[in-house]
Amino acid sequence: MRKFSEQYARRSGTYFCVDKGVTSVVIKGLADHKDTLGAPLCPCRHYDDKPAEVAQGFWNCPCVPMRERKECHCMLFLTPENDFAGQDQAISFEEIKESTSNM
Amino acid sequence: MAISLSASSIPRLSGENPAASSSMSPLRLRLPAGARGFGGGGRRISVNSKPRGFSLVVEAKKQTYNSFDDLLAKSEKPVLVDFYATWCGPCQFMVPILNEVSIRLNDTIQVVKIDTEKYPSIADKYKIEALPTFIIFKDGKPFERFEGALTADQLIQRIEDSLKVKQ
């Protein structure tokens, strides 16, 4: 999901959060869902039935709000005007590992 | 991003325990038994009887709650509840911010965090969808709710406006 995030940020003209810890946690969450559910379901939502949501597809990353309106409440993909947007569209595996190692 | 788990007076529901029937003496542990995420192992309790409930020991006050409802009922102040999930980025972003707000508004509000993966029934009950969702409970009932990460100043402003209490 790290490669996907970098590519999609570039493609959508969005940027990672100034706090790369946020980016790392979300990428880890997406990867976790991809492993357990078969699809990168948005990790920033509460669901009644995760497999049903995966089948339905609305919240599979990139979710419909992101695709339609560049709205990412996970703070993974931020439009340049967003207060929390940084300058990066890249993140290394090491950065992710470091940020999420104590969780 | 440093996520500090210690030195926090914020009680956190992070371990589901079908727990403590009345025949067991309450465990005066620093951690909810069997809970993870506080950096220490918990003991497993095997329980034969329901009802469902859990023991939560609040480090700062050493109170034991039997349920979330119990916590709400026993609170003398309004309660700010943070519904979160481990792999929700903005939720982790809020960890140090909630610590700060909890200290700055110590007399005004009690801050509680609920892991929606560990307590899905509570999350369902309050129709939680986006994370983080914050609900301010007054007199044990939801009073105001809002979603998304915000800065400490923004959160304090929101709480004070909501409760109409100025510091």
Number of the exception - A:F58 against (1) more than 9 Å from chain B (Cβ to nearest Cβ); (2) in contact with a strand residue (DSSP E or B) (Cβ under 8 Å, 6 or more places away or on another chain); (3) closer than 21 Å to B:T116 by Cβ; (4) not in a helix (DSSP H, G or I) = (2)
ask   = Does the stretch B:128-136 contain any residue that is within 26 Å of A:D49 (Cα to Cα) and in contact with a Leu (Cβ under 7 Å, 6 or more places away or on another chain)?
value = yes
ask   = Looking at (1) open to solvent by 40 Å² or more (accessible area, probe 1.4 Å); (2) within 16 Å of A:Y8 (Cβ to Cβ), can you tell me which one A:C42 breaks?
value = (1)
key: Residue that is farthest from the other protein chains (Cβ to nearest Cβ), among those in the stretch B:123-149 that are over 20 Å from B:K77 (Cα atoms), hydrophobic (A, V, I, L, M, F, W, C) and surrounded by 19 or more Cβ atoms within 10 Å (Cβ to Cβ)   = B:A149
request  = Could you grab the pairs with beta carbons closer than 9 Å, sequence gap of 6+ or different chains, first residue in the stretch A:80-102 and of a type in the set (D, E, K, R), second one part of a loop (DSSP other than H, G, I, E, B) and open to solvent by less than 90 Å² (accessible area, probe 1.4 Å)?
outcome  = A:D83/B:T151; A:D88/A:F16
request  = Inspect all residues belonging to the stretch A:4-12 and state whether any of them is within 11 Å of chain B (Cβ to nearest Cβ), open to solvent by 20 Å² or more (accessible area, probe 1.4 Å) and not aromatic (F, W, Y).
outcome  = no
task = Just give me the residues in the stretch A:69-81 being open to solvent by 40 Å² or more (accessible area, probe 1.4 Å) and either under 16 Å from the mean Cα position of the chain (by Cα) or among the hydroxyl-bearing types (S, T, Y) (or both), in sequence order.
result = A:R69, A:K70, A:E71, A:H73
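Here's the yes/no breakdown for (1) in a loop (DSSP other than H, G, I, E, B); (2) at pLDDT 95 or above:
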| position | (1), (2) |
| --- | --- |
| A:T23 | no, yes |
| A:I27 | no, yes |
| A:P62 | yes, yes |
| A:H73 | yes, yes |
| A:L76 | yes, yes |
| A:D83 | yes, no |
| A:Q89 | yes, yes |
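The values are calculated or read from the model by the stated rules, or taken from the named source; none is laboratory data. Everything numeric in this text was worked out from a predicted model, so none of it was measured. All Cβ positions, even for glycine, are placed from backbone atoms using ideal geometry, and neighbour counts span all protein chains on display. Just so you know, the surface numbers come from the protein's heavy atoms only, side chains and all, with ligands and any DNA or RNA stripped out. Shrake-Rupley method; radii C 1.70, N 1.55, O 1.52, S 1.80 Å.
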